[in-house]
Amino acid sequence: MKKLLSISLLICIILTNMLKAQTGKPQYLIETRRADTTYGYIKIELFPLVAPLHSAYFDSLVNISFYDSTAFHRVVPDFVIQGGDPNSRHGDPDTWGEGDPSQQNIPAEFSRVFQRRGTIGAARDTDINSANSQFYINIVDNTFLTPDYTCYGQVVEGMDVADSIVAVPRDENDNPLEKIEMFVTGLDINNDIPTVPVITGPDNGTDAVLNSLKLGWEEAEGAILYDIQISDDPNFNNITHSDSTGSNYINMSGFESGLVTYYWRVRANNGGYKSEFSESRTFITSIDSPELEYPLNNSDSTSLETGFVWHPVEGAVNYSFQIATRPTFSGSSMIYNADGLIDTTSLASGLEEGKKYYWRVRANAELYDGPKSEVWNFTTAVTTGISGTEEIPTEFSLKQNYPNPFNPATTIKYTIPTETVISRSSSTRNLKDSLPAAQAHSTGESGVRNDNTTVKIEVYDVLGHTVATLVNEQQAPGVYEVAFDASGLSSGIYFYTLRYGDKSLTQKMLLLK
């Protein structure tokens with residue numbers, strides 16, 4: 001038996017092997033012996049293109065005869081046989097499987113290669129990077145191990161020997177009652193190249209693809225893994241999605257909607273070589289989801305008669321519009337559901353004051369329904385009126401215009417508190433006919449204090465240019481409304497600001513022609 005190499009020398013061997021151009025699958029012969037008599041032979045090959053570190057490490061150990069006289073120390077029927085622990089040479093059987101603390105550990109190389117009958121995996125403890133010399137051979141399909149254990153080889157010949165080993169008498173710890181040793185020697189390189197996969201679906205040019213799509217192909221001879229590429233250009237210069245799988249199909253997702261054309265292809269990997277890529281096929285995503293515009297998300301004090309606005313979607317023939325009291329839009333929470341809307345605006349009925357609502361829109365193509373928009377929410381305003389017997393408002397306010405969106409005229413309501421003056425203008429209408437005597441002061445002809453404060457309402461475009469001045473005068477305390485005619489303006493978002501003294505309030509409105 002040769003002396004175990006030091007950790008530093010093992011690392012050098014691993015790095016040296018990694019730097020070499022690795023092609024093909026190196027093969028090894030495992031001779032098993034029981035009581036110095038040959039028990040049988042197991043021929044294996046490794047997967048350098050899947051797990052290069054583990055493959056190089058195994059090869060370095062074979063080169064120093066590390067595995068010779070170690071045992072298959074664990075045999076579990078309908079599961080695995082495991083071996084390669086240096087303690088199993090001459091150590092106490094109670095220590096078999098515990099390993100040597102001085103051994104070099106190998107970082108995990110998890111892959112999508114299925115752990116099926118005959119595949120070889122790296123044994124480890126709870127630390128995913130704790131694998132070293134110990135390995136196991138799957139006696140049955142153990143696909144549940146796939147995501148958590150490194151698979152780096154497979155049995156080529158001799159699974160009958162592995163089946164015989166797993167069936168030997170064992171103790172309560174799954175140790176064979178009679179030691180079964182192994183002696184490993186290197187063989188040739190398997191230079192077989194996997195065949196090119198043949199795509200089976202979906203059909204070329206499939207359209208109306210939403211967020212996900214199942215891609216399929218025929219199994220390629222010798223393949224253990226498949227690489228999938230998706231691009232938004234036919235030359236695959238820009239790879240938008242890539243993945244791998246051990247199956248002959250995969251579900252891909254995360255595509256950009258909006259009639260985008262994608263190209264996809266697949267190639268096979270047998271652990272030593274990769275095939276050429278298959279022919280490419282295309283698919284086209286669905287129309288885009290609508291972009292919501294108004295009322296703004298998380299807005300409050302929204303009018304009960306507000307209009308809802310969204311951007312048009314290329315390829316859409318109509319829209320579906322929903323409002324609900326819960327973001328799930330399920331059951332009794334749905335209070336408004338309209339289909340077949342041709343325009344990108346809508347009014348809704350049945351809204352209540354001071355309540356939070358959620359809304360969304362879906363664009364529909366000629367032959368299919370597109371994706372839904374994101375969900376926005378708004379809270380309706382609580383309306384308050386001022387009658388002839390109510391008190392004069394003590395705070396100034398600016399209400400949302402109605403209707404909104406509008407074309408071409410709309411009305412703006414606002415309140416002026418007691419600190420302002422009483423001059424009345426023909427451009428506005430005071431909703432309070434008279435002032436209670438209790439609110440009057442002893443100065444001024446009308447009995448109300450005159451502090452010369454001017455009320456001003458101006459309308460601006462999105463660039464900040466003033467497009468209209470609706471009010472610019474002194475006004476008495478009360479509730480007012482002013483009309484705004486936008487016949488001479490183009491469609492778009494506008495802002496209106498109420499000012500008096502050093503105070504101001506601003507609201508947004510939408511003109512749609």
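The values are calculated or read from the model by the stated rules, or taken from the named source; none is laboratory data. These figures come from a predicted structure and were not determined experimentally. Cβ atoms come from the backbone with ideal geometry, glycine included; neighbour counts cover every protein chain shown. With ligands, DNA and RNA removed, areas are computed over all heavy atoms of the protein, side chains included. Shrake-Rupley method; radii C 1.70, N 1.55, O 1.52, S 1.80 Å.
Scanning region 332-347 for residues that are closer than 21 Å to L511 by Cβ and part of a strand (DSSP E or B), we see that the one that is most open to solvent (accessible area, probe 1.4 Å) is L347. Selection within region 281-309: residues that are assigned to a loop (DSSP other than H, G, I, E, B) and farther than 21 Å from D369 by Cβ. The member of this set that is least open to solvent (accessible area, probe 1.4 Å) is P295. Can you say whether V467 is on the phi < 0 side of the Ramachandran plot, part of a strand (DSSP E or B), open to solvent by 40 Å² or more (accessible area, probe 1.4 Å) and modelled with pLDDT of 50 or more, as far as the supplied structure shows? Taking the combined requirement at face value, the residue satisfies it. In summary, R265 fulfils each of the numbered conditions (1) in a loop (DSSP other than H, G, I, E, B); (2) open to solvent by 40 Å² or more (accessible area, probe 1.4 Å) with the single exception of condition (1).
Residues that are within 12 Å of C151 (Cα to Cα) and open to solvent by less than 20 Å² (accessible area, probe 1.4 Å) within region 26-49 comprise E45, L46, F47, P48, listed in sequence order. Scanning region 55-76 for any residue that is of a type in the set (S, T, N, Q), open to solvent by 10 Å² or more (accessible area, probe 1.4 Å), modelled with pLDDT under 95 and over 27 Å from S164 (Cα atoms) turns up nothing. Of the set (1) part of a loop (DSSP other than H, G, I, E, B); (2) farther than 19 Å from N235 by Cβ, all apply to S278 but (2).
The rows are residues; the columns are (1) within 21 Å of G246 (Cβ to Cβ); (2) open to solvent by 20 Å² or more (accessible area, probe 1.4 Å).
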{"position": "Y152", "(1), (2)": "yes, no"}
{"position": "V168", "(1), (2)": "no, no"}
{"position": "E172", "(1), (2)": "no, yes"}
{"position": "K179", "(1), (2)": "no, yes"}
{"position": "G186", "(1), (2)": "no, yes"}
{"position": "I189", "(1), (2)": "no, yes"}
{"position": "T206", "(1), (2)": "no, yes"}
{"position": "S212", "(1), (2)": "yes, yes"}
{"position": "I228", "(1), (2)": "yes, no"}
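Okay, residues lined up against (1) crowded, with 17+ Cβ neighbours inside 10 Å; (2) polar (S, T, N, Q); (3) modelled with pLDDT of 85 or more:
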site	(1), (2), (3)
H311	no, no, yes
G315	no, no, yes
S330	no, yes, yes
S349	no, yes, no
K355	no, no, yes
V382	no, no, no
P393	yes, no, no
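Table: residues versus (1) at pLDDT below 50; (2) touching a Phe, Trp or Tyr at 6+ places or on another chain (Cβ under 6 Å); (3) surrounded by 15 or more Cβ atoms within 10 Å (Cβ to Cβ); (4) under 18 Å from G501 (Cα atoms).
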{"residue": "K413", "(1), (2), (3), (4)": "no, no, yes, no"}
{"residue": "P417", "(1), (2), (3), (4)": "no, yes, yes, yes"}
{"residue": "Q439", "(1), (2), (3), (4)": "yes, no, no, no"}
{"residue": "Y460", "(1), (2), (3), (4)": "no, yes, yes, no"}
{"residue": "N472", "(1), (2), (3), (4)": "no, no, no, yes"}
{"residue": "A476", "(1), (2), (3), (4)": "no, no, yes, yes"}
{"residue": "E481", "(1), (2), (3), (4)": "no, no, yes, no"}
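On the basis of being in contact with a Phe, Trp or Tyr (Cβ under 8 Å, 6 or more places away or on another chain), more than 19 Å from M182 (Cα to Cα) and open to solvent by less than 50 Å² (accessible area, probe 1.4 Å), does Q82 make the cut? So Q82 fails the test.
Against the test of being surrounded by 17 or more Cβ atoms within 10 Å (Cβ to Cβ) and not in a strand (DSSP E or B), the options P234, P194 yield a single qualifying residue, P194. Among the residues of region 454-513, those identified as over 24 Å from P295 (Cα atoms) and out of contact with any strand residue (DSSP E or B) (no Cβ under 9 Å at 6 or more places or on another chain) are G501, D502, K503. Anything in region 357-379 that is surrounded by 14 or more Cβ atoms within 10 Å (Cβ to Cβ), not β-branched (V, I, T) and not in a strand (DSSP E or B)? List them, or say none. A365, S373, listed by residue number. Scanning region 230-262 for residues that are among the hydroxyl-bearing types (S, T, Y) and closer than 25 Å to A363 by Cβ returns T240, S253, S257, T261, Y262.
For region 103-125, the condition holds for no residue, the condition being that it is within 17 Å of S69 (Cα to Cα) and in a loop (DSSP other than H, G, I, E, B). Within region 80-99, the set of residues being in contact (Cβ under 8 Å) with a residue 60 or more places away in the chain and either over 25 Å from A35 (Cα atoms) or hydroxyl-bearing (S, T, Y) (or both) comprises S88 only. Of the residues making up region 8-28, none is at pLDDT 95 or above, part of a strand (DSSP E or B) and in contact with a Ser or Thr (Cβ under 6 Å, 6 or more places away or on another chain).
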